[in-house]
């Protein structure tokens, strides 16, 4: 009899599944999907960024009573950083809420690749802040993909600028040796081409070292680096690969001051496990850490004060957390812009895409939002889906991240033609006629 | 009462050989087919088609592939996703390099490529078995992933190592909408499942089972070990390869080699454990179970723990439930859901007079 | 040439770390014939538990003792609820059960202690020092020392104690052991507890290198080729296999890898082990497989 019950259980579960699926309609609410990852090797990033994102939306709801009266609702969907599950989450959440998903933040380059074409068909903007396709800044080919603030490509040129700065001028780069240690995935490979181009341009030498997922063992790579003795190391790590790299660097006595990481290698969670080995390590970032911003104070007061926080309170103000706040600010501002045009009501993805495309977050606006110093001014257009593009560099002093540079602008003159070329190639492959922007 | 074969006589050899000798079974299968082939496309929404039914069917196909190898031929493999990747990338390359070929031919060629690779990695099975072989198939998994990541040719020199399925055309029709993709997947899966069902009843299938039960005895009674094991690897990988191609074309659209990582191999292994080792039907049941469970739990998490830390617990709970269920099934019913189905059928046969 | 030796020695030291994980597999396989895929999850679970107790303010040794107790408790539970019901099932079934177990432990560990990355400091500095122009890390030698100590203790345990004798008897033949009155269940629980201890040591060493988090359970994948190469039943095999795998994979990555775009470390040890198996199917120190019909 017990066995038959099992069958019943399975059937029951299936029915419950069906029941949970649709049935969702409430007025004056804007639905934002949260394809979070709370498990797996990269959980720290998923919980930090999405936790803060939800906190910010909660702040808008609690403090301002929603965006012009439109309350935000959201729903989590666990992707475990897996592409297939990410697609399922996208499909599940895209139609929820009265007007469908406002936008989709995959928070994974792999998932971005898997969903952005679907987004273009369904008219759901896919927003990848600081990750995803480098060439997607060309809004003519990618109308529903928004690599806001800065792409890997822009970031990479800023990195080379930083290195040039430290060397005392871009002309000093000639003859220098760089090692690019990258996570062996779409994310890690994204900058190989542009690095090669820049190497040819400035006359430095670059060697690429892939590290297979998850990157537990990098002894061989670092021994090779020891032998190559590069002047600088570029670290494109993710998750556990970062502390491991720093520890191995210590073992081969490579100065950490000469390691420049991408922002996905530059959170507290990336350096703390490496302990003292991380001291001096430099990472790019498009925002600082810390709680000393009015907006985060507000979050603590209105969200954590009411015990509605979405991450552990001690993580507020960390790099991932602040990145999530930026996700929130940019998303909400886009919806604000769109509301001004389309009316103060829940909007569709298509309308929000317009908002994302006509963002203009000025310095004054940033100040009004209480995020001065946290966010850079951002102006997007139909042609340019990136906006900002500037990067700050931060150094780990053994205890916290310290900003060591001002905003360093990306080399847009270099990046833009490359992106257009790559986007055009993509458009040709896919038979897309790029729209015209005017 | 309803399910009884009394009065149904087998009057010819052909009838004796039928796949579904009982009339009610045939009716039932026909109903299921009508439901999934005609009713579902009409009533299901995009979400159900695109992100539940299609991946479910594709995983079933991969599970059938693994079941042929592990369930029927007794060779444990942890490299399923690797063979799927071969199929996916082969289909892509045939498609863009020889655009004249019809898509279905691409799929078949993809399957053949996977079969070839599978047979190469099956060669060690002639010398080693059991866990040693399982670990050897891991070599295939890692090696294939590496090759596809590191040789730009396979991804048509995409800068990020990602392939994106070109628009599909089948017999002159564009396959674009969810329903069309679903029907294409369903068609391929059905044909191949039927083929598999027949294959395991043929001499090849019986040879596999003999090898599974005791390979030395099988050799003694004149079953050529090499041929049998290699065909098992080949056929199994063919199925996985086609599944991989469908996974790319009909489901994800854009994949990187990491989409076919070890975790996927394990998931497919779980499907056949829970569904039923050595059962075609079990492959479907297992795929459904493993595919739906996380979605179900996830929905529960969303409904119950709305935006609170409970979701965290839920995500971990999912792991616990997964693991627990696998152990539970292995202990309580090592033959999986397929066996439960069989028991239900037997009970039904006697119902309502069990004595 | 110096560089060659540096890579070689670095590889050997890395190999010791693999051996530590592989040892856990060997223990369980020897005594119960179960290929315990959950060993990696045990490593994670042990490390998470330890760090969790440390964060609760327990001193190092107390946390260690408590964790050990937890590992023993789980060993008993595993024996009772996973192994005992599966007695006499084919080995493949048991193997698959341990895969399930590894999921369960991963979920449980992270559910109980949280999934964020934690640093673990066991007081050994990971600082380099130079010998003859080659750079090594103190930590690696410390790890090697731990491994040596552990192996020594295990060998003593197996060869000089009554329980060890019982373990070897069970490993040799379950039924004969049962027939002479050795309590199988007790022996299994002991074996899993010892494997838990090995996992704890491995977890501490790996955890202090990588930080304590989910990826720790993936170190098991590094141990599998070691097992194949060394044989499933030999402690010596685990050590020697680890050394061979460690050294050869580093040498291959450094000297062959660059010709193929690198990152061959993931599959090279598997291929090596596979090639080796074709010559000697039972592994380096494995027992000769005798097949009867």
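Would a scan of region C:124-133 turn up a residue that is outside any helix (DSSP H, G or I), within 7 Å of another protein chain (Cβ to nearest Cβ) and in contact (Cβ under 8 Å) with a residue 24 or more places away in the chain? Yes, region C:124-133 contains a residue that is outside any helix (DSSP H, G or I), within 7 Å of another protein chain (Cβ to nearest Cβ) and in contact (Cβ under 8 Å) with a residue 24 or more places away in the chain. Annotation for region A:177-187: at least one member residue is part of a helix (DSSP H, G or I) and within 11 Å of another protein chain (Cβ to nearest Cβ).
Mind checking which residues of region A:273-291 are farther than 14 Å from residue A:404 by Cβ and within 14 Å of chain C (Cβ to nearest Cβ)? Hits for region A:273-291 are A:273, A:274, A:275, A:276, A:277, A:278.
A single entry from B:139, B:114 fulfils the requirement of being away from chain C (no Cβ under 12 Å) and surrounded by 24 or more Cβ atoms within 10 Å (Cβ to Cβ): B:114. When residues in region B:230-272 are screened for being outside any helix (DSSP H, G or I) and surrounded by fewer than 24 Cβ atoms within 10 Å (Cβ to Cβ), 3 of them pass.
Where in region A:345-434 are the helices (runs of 4 or more DSSP H), entirely inside, with at least 1 residues that are in contact (Cβ under 8 Å) with a residue 60 or more places away in the chain? Because the criterion is at least 1 residues that are in contact (Cβ under 8 Å) with a residue 60 or more places away in the chain, the helices (runs of 4 or more DSSP H) in region A:345-434 that meet it are A:349-357, A:412-430. Note on region A:225-240: residues that are surrounded by 24 or more Cβ atoms within 10 Å (Cβ to Cβ) and at the interface with chain C (Cβ under 9 Å from one of its Cβ atoms) amount to 2. Of the candidates C:182, C:245, C:239, the single residue that is more than 14 Å from every other protein chain (Cβ to nearest Cβ), more than 30 Å from residue C:112 (Cβ to Cβ), modelled with pLDDT of 85 or more and in a helix (DSSP H, G or I) is C:239. Would you check if there is a residue in region C:55-72 being within 13 Å of chain B (Cβ to nearest Cβ) and either crowded, with 24+ Cβ neighbours inside 10 Å or at pLDDT 90 or above (or both)? No, that holds for no residue. State which residue pairs qualify: first residue facing chain C (nearest Cβ under 8 Å) and inside region B:262-278, second residue modelled with pLDDT under 85 and outside any helix (DSSP H, G or I) in any location, beta carbons under 9 Å apart, and separation of 6 or more residues or different chains. From region B:262-278, the pairs are B:273/B:334. In region A:30-49, is there at least one residue being in contact (Cβ under 8 Å) with a residue 40 or more places away in the chain, more than 11 Å from every other protein chain (Cβ to nearest Cβ) and closer than 30 Å to residue C:216 by Cβ? Scanning region A:30-49, I find at least one residue that is in contact (Cβ under 8 Å) with a residue 40 or more places away in the chain, more than 11 Å from every other protein chain (Cβ to nearest Cβ) and closer than 30 Å to residue C:216 by Cβ, so the answer is yes. Only one of the numbered conditions (1) within 14 Å of chain C (Cβ to nearest Cβ); (2) out of contact with any strand residue (DSSP E or B) (no Cβ under 9 Å at 6 or more places or on another chain); (3) assigned to a helix (DSSP H, G or I); (4) touching a residue at least 12 places away in the same chain (Cβ under 8 Å) is not met by residue A:314, and that is (4).
Taken over region B:311-355, the residue count meeting the criterion of being at the interface with chain C (Cβ under 7 Å from one of its Cβ atoms) and more than 30 Å from residue A:34 (Cβ to Cβ) is 4. Only a single criterion out of (1) out of contact with any helix residue (DSSP H, G or I) (no Cβ under 6 Å at 6 or more places or on another chain); (2) facing another protein chain (nearest Cβ under 7 Å); (3) buried (at least 18 other Cβ atoms within 10 Å of the Cβ) is not satisfied by residue C:114, namely (2).
You will find that of B:223, B:216, the residue that is part of a helix (DSSP H, G or I) and within 14 Å of chain C (Cβ to nearest Cβ) is B:216 and no other.
Looking at region A:189-212, is at least one residue part of a loop (DSSP other than H, G, I, E, B), in contact (Cβ under 8 Å) with a residue 24 or more places away in the chain and in contact with a strand residue (DSSP E or B) (Cβ under 7 Å, 6 or more places away or on another chain)? Within region A:189-212, one or more residues are part of a loop (DSSP other than H, G, I, E, B), in contact (Cβ under 8 Å) with a residue 24 or more places away in the chain and in contact with a strand residue (DSSP E or B) (Cβ under 7 Å, 6 or more places away or on another chain). Taking region B:4-63 and the helices (runs of 4 or more DSSP H) fully enclosed by it, the elements with 1 or more residues that are more than 22 Å from the chain's Cα centre (by Cα), within 14 Å of chain A (Cβ to nearest Cβ) and surrounded by fewer than 20 Cβ atoms within 10 Å (Cβ to Cβ) are at B:40-43.
The values are calculated or read from the model by the stated rules, or taken from the named source; none is laboratory data. Quick caveat: nothing in here was measured; it's all calculated off a predicted structure. Here Cβ is always computed from backbone atoms with ideal geometry, including for glycine, and neighbour counts include all displayed protein chains.
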